[in-house]
1. Which semi-axes, in whole Å and largest first, does the equivalent ellipsoid of the range 58-195 have when worked out from the alpha carbon gyration tensor as the square roots of 5 times its eigenvalues?
2. Quick check of the Kirkwood formula: for the range 136-234, what is the inverse mean of 1/r over all pairs of different Cα atoms, in Å?
3. Quick query: amide H of L111 versus all other amide H atoms, modeled in the peptide plane; which residues come in under 5 Å with a sequence gap of 5 or more or a different chain?
4. Which semi-axes, in whole Å and largest first, does the equivalent ellipsoid of the range 306-459 have when worked out from the alpha carbon gyration tensor as the square roots of 5 times its eigenvalues?
5. Points 7 angstrom from Cα along the Cβ direction at Q158 and D82: gap in nanometres?
6. If you average the sequence gap of Cα pairs under 8 Å that are 6 or more apart and divide by the length of the range 99-195, what percent do you get for the contact order?
7. What ranking of M430, M392, M59 emerges when the number of other C-beta atoms within 10 Å of each C-beta is taken as an exposure proxy, fewest first?
8. Pop a pseudo-label 7 angstrom from the Cα along the beta-carbon direction at both S304 and E377 and give the gap in nm to one decimal.
Amino acid sequence: MTATTRPRLIFGKLFLLGIVAVGMIITSVIWLTARIDQVEQENDINIVQLMVTERVSHMQNSASDYANWNLAYEIVMENDVDSILENIGSGAVDGGLFDNIVLIDVEGNILHVFDAAEETTTPEQFDRTGIEPFLSQLRTTKPGDKIAVSGIGRINGQYGAVGAAWITPDYYSNLNGAPLPIIVGIRMMTDDALEAIAQLTLGTEYAITPINADSTEAHLDLVGPQGTPVAKLVWQPHRPGAALREEILPGILLVCFGIFAICISAARYFHQQSKALDQAMTIASTDQLTGLLNRSGLHELLRSTDLRARIDHGHLAIIYVDVNHFKKLNDDYGHKVGDHALSVTADRLREAVRKGDHVVRLGGDEFICIIRDHAPETAAKSVSDHILTSCMTPVSFAELEFNISLSLGIAVAERGLTWETLLARADGAMYQAKRKKQKSAEIYTIDSGVSGDPNLPRSLKRSLAGRH
């Protein structure tokens with residue numbers, strides 16, 4: 001290599017390195033800013049989904065409240081116009097719960113229509129085409145189940161949240177299956193409602209379009225009563241990444257200023273990611289299906305000085321809960337039914353415990369209730385009785401109805417006892433209850449023959465429990 005070619009080679013390498021560095025910088029900036037826009041749009045979609053779902057759920061609950069009212073049933077069946085207007089029509093509309101209320105008699109004819117603009121509207125003026133899908137879906141349900149259907153519908157040319165329910169009195173069982181009237185509540189997706197969403201997301205030009213309309217903007221499918229999309233909510237998303245890219249790209253032509261601008265951009269972006277990470281750490285301690293603490297959350301809980309002191313002083317008990325025949329339920333009816341059973345079980349456990357107690361999902365179909373009390377055994381028995389009483393209520397999912405049975409084992413803390421041993425005792429007591437098929441909680445005692453060794457394999461615990 002000659003003296004003249006060496007500088008050229010170094011220049012070429014530096015030039016190539018410069019091109020690669022500039023290319024990497026530009027590529028990184030484009031990717032980072034696009035990612036910011038992607039995260040922003042995902043957040044917008046989540047917020048919009050939450051607000052639309054809340055509006056539909058509110059309409060479903062409001063319609064149910066009026067439907068499950070003895071007075072509503074009686075005045076509609078008697079067609080007492082004044083009472084209907086006073087108790088259902090003007091009251092509900094003026095109260096801001098509904099934009100429209102439609103009452104349908106037992107023969108399927110529109111009886112009354114109330115709206116916010118006018119105190120009453122004749123049935124002939126109301127186009128019932130928009131509510132027919134809700135009525136059809138409602139007719140697939142059993143009136144006695146008091147189920148309301150809801151979703152987004154197109155009413156008189158405008159989209160809105162709709163809830164429909166059978167007007168069912170408490171004494172429906174005495175009616176011998178007589179047909180029931182129906183109430184339909186409607187809350188329109190007005191410009192004001194869309195503006196409220198826009199203020200939360202910083203998006204613009206919110207509008208609802210037909211489901212088959214082409215759209216390059218951000219959008220969310222709005223579903224009807226059957227769960228199928230009926231329209232799109234579209235908007236122009238806020239694009240902080242694109243704005244950032246336009247701002248820093250000129251500076252990239254000047255390498256030093258370009259690198260500095262990228263560092264500022266990355267710092268801003270990763271600051272946002274740091275906040276998201278903090279939120280993710282909180283979510284990591286919560287079971288996503290049931291909303292209860294998971295094992296990670298339990299580990300954090302066990303770091304509490306107060307909890308360790310309660311174990312050492314014997315002021316704590318564990319109720320170990322196992323869902324009986326859960327695998328068979330999953331195998332026979334599918335994971336959706338199984339997930340629903342776990343969610344219902346979690347709700348029942350949450351309702352049974354007292355303030356200051358904790359409910360944890362260990363995984364699968366196993367839960368524990370941590371009972372804090374100066375008389376832990378008595379408190380655990382009381383909570384267990386509440387849990388088992390709640391299991392007497394059947395669970396409905398779609399058209400399926402079934403009961404959830406649980407096996408419960410109780411272990412009470414003692415001075416010097418470790419958490420692992422306490423948990424193993426409760427686990428063993430639960431398997432004893434499962435073996436006996438008893439309808440009450442099994443309490444661990446030294447004489448019960450239940451192993452309290454946390455290192456003992458679970459299969460051996462089952463075997464030991466089966467010897468007694």
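Any read-out appearing in this document is the output of simple, stated calculations on the displayed coordinates, not a laboratory observation. Keep in mind that this is a model prediction, so the values were computed, not measured. Positions of Cβ are generated from backbone atoms using ideal geometry, with glycine treated the same way; all protein chains shown enter the neighbour counts.
1. Each semi-axis is the square root of five times an eigenvalue, giving 23, 16, 13 Å.
2. 15.5 Å
3. Hits under the 5 Å cutoff: L103, I104, D105.
4. Numbers: eigenvalues 148, 56, 34 Å².
So the equivalent ellipsoid measures 27, 17, 13 Å along its semi-axes.
5. 3.2 nm
6. Numbers: 163 pairs, mean separation 29.2, N = 97.
Once normalised by length, the contact order is 30 percent.
7. Numbers: M430 29, M392 10, M59 26.
In increasing order of surrounding Cβ atoms, one gets M392, M59, M430.
8. Calculated label separation equals 2.4 nm.
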